[in-house]
Structure formats: C-alpha cells, structure tokens
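Report on the following structure.
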Amino acid sequence: MSFRGFARLRLAARDVPVRHAPNGSPFRTFARLRLAARDVAVRHAPSGRPLRGRAGGALVGLVLTAGLVAGSQLPWQAHPGGEASIRLSWRTVSEPVSECRAPTPEELAPLPPHMRMKEICERRHAPFRLVVRVDGRLARDALLSPRGASGDRPLYVFEELPVPPGLHRIEVGFQEQRAGAATARAPLSLDAALELAPRDVALVTLDASGEHLAVTTPAR
C-alpha cells in the first residue's frame, strides 16, 4: 500500500468519532481542524513516496548546508600562534649498489656441489643520512631509505621544523650511505641565516640543477 492510500485510510478511521460527536462541541471542532490539516499533507504528498522521508532528506540537506557555510567562515592560519617554520622538501633517486659476500658453511651445506656459489650478491639502493641543525643544536638525524619492496623507488624528504620568529642559522647535510666511499655521490649541504616573521615558512629544497640545496623565504 502506498503512503497516500495508507494516509487516506487513517483519516477515514479518525473521522468516525468526529461524526458521532455532538454539534458545536469543542472536540468536534478541534478534530475537524486536525483532519483538515492532515488532508492538506496527503494531497501534496507524491504518490507512492513517504512524506516523512522527504522531510528527513530536506532536514539533512539544511544541516549540511549550514555546516558548510559556518566552516567556510572560520579563520585559517598556516601555523597557529606566532610560530614560524623551516620546511625541507625534495625528491632524489639513488643509484643501485651490489653487496657481495662469501656464503657461510651453513648456507652451502644443503646445496649440491654444482649449485654452490663463491659469492652471494644482493642488489639494493643506498640509503641517505639527513642531519639538520638549527642554531647549532641538532634538530634531525635520520637514515632515510628509498621506498618499495626492493628499495628502488624515489626517496622523498619532507620535514617540518617549527621555530620561534627571529634570526636563525640552519645547517643541512644530506649524504648517500655506501660501503665504498669512492663511489658515493657527493653530499648535499647548506649553511644559511634566516630571518623569519610569525607564521613564515622557509623552504629548503633542491635548486634548478638538482645538485645543490637552496633556501627561499617569504618576500617582504
């Protein structure tokens, strides 16, 4: 049964006591007004679709709209309070390296003679060590490895260091960690003085050549 049919059946049932109420009684007047109001809702309800569902959907829409309007009017700050920030962000790719070693007797024992190798070599990408000092104090010292199951994906550096506004000195060292120092890539380094206002962000990243670190600060 559709909502329209159910509502009309309910109205008919409620009309029974109204017909038997004495003329001019308050109950009869109130009941007829109530039936008239319900009949208006039934006439404007679409066939087969509950009115309550439409009203609930409209209410949810109004609440969501009000929430979006209120959220769009809230103030936004990149760094709440009066702090500034030094951000390190760049991407690099390390060359693959092979590390070889002699197998142990335990590794050779279960193998037949024709499968015993003189060396076991593993191919991987070298990690990098990141060292950051702010005003002479160590802020970061981390060993960063390339992503991926085989460690063959690009390595992403992203660090955010909050600092109070004012003049600061930042020192950054970024060096590839390989067993053979002669084949290691030249390290990246930076030593710079920064003057930051509240909520300023100084960005440390690779320059256009991709071979040196550079820092940029907001224009005054």
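The values are calculated or read from the model by the stated rules, or taken from the named source; none is laboratory data. Because the structure is a prediction, the values reported are computed rather than measured. Glycine gets a Cβ as well: all are built from the backbone with ideal geometry, and neighbour counts include every protein chain shown.
Step by step: first the residues of segment 116-130, then only those that are surrounded by fewer than 16 Cβ atoms within 10 Å (Cβ to Cβ) and touching a strand residue (DSSP E or B) at 6+ places or on another chain (Cβ under 9 Å), then the one that is modelled with the highest pLDDT. Which residue is that?
Per the stated criteria, the residue is Arg129.
Tally time: how many residues in segment 189-209 are free of Cβ contacts under 8 Å to residues at least 24 places away in the same chain and either loosely packed, with under 13 Cβ neighbours inside 10 Å or among the charged types (D, E, K, R) (or both)?
4
Please specify each residue of segment 185-201 satisfying the condition of being among the hydrophobic types (A, V, I, L, M, F, W, C), within 30 Å of Glu95 (Cβ to Cβ) and modelled with pLDDT of 90 or more.
Matches in segment 185-201: Leu188, Leu190, Ala192.
Just the residues that are modelled with pLDDT under 85 and of a type in the set (Ser, Thr, Tyr), please, taken from segment 146-183.
The answer is Ser150, Thr183.
For the subset of segment 196-220 comprising residues that are of a type in the set (Val, Ile, Thr) and out of contact with any Ser or Thr (no Cβ under 7 Å at 6 or more places or on another chain), which member is nearest to Leu130 (Cα to Cα)?
Val204
Just the residues that are over 29 Å from Arg178 (Cβ atoms) and surrounded by 10 or more Cβ atoms within 10 Å (Cβ to Cβ), please, taken from segment 101-115.
Across segment 101-115, the qualifying residue is only Leu111.
Scan segment 138-149 and tell me whether some residue there is out of contact with any strand residue (DSSP E or B) (no Cβ under 7 Å at 6 or more places or on another chain), over 15 Å from Thr92 (Cα atoms) and in the same structural domain as Leu188 (by TED's automatic domain parsing).
Yes, some residue in segment 138-149 is out of contact with any strand residue (DSSP E or B) (no Cβ under 7 Å at 6 or more places or on another chain), over 15 Å from Thr92 (Cα atoms) and in the same structural domain as Leu188 (by TED's automatic domain parsing).
Filter segment 111-143 for residues that are in a strand (DSSP E or B) and more than 29 Å from the chain's Cα centre (by Cα); which is nearest to Glu195 (Cα to Cα)?
Looking at residues that are in a strand (DSSP E or B) and more than 29 Å from the chain's Cα centre (by Cα), I get Arg137.
Identify the single condition in (1) modelled with pLDDT of 85 or more; (2) within 18 Å of His212 (Cα to Cα); (3) surrounded by 14 or more Cβ atoms within 10 Å (Cβ to Cβ) that Val134 does not satisfy, given that it satisfies every other one.
Unmet condition: (2).
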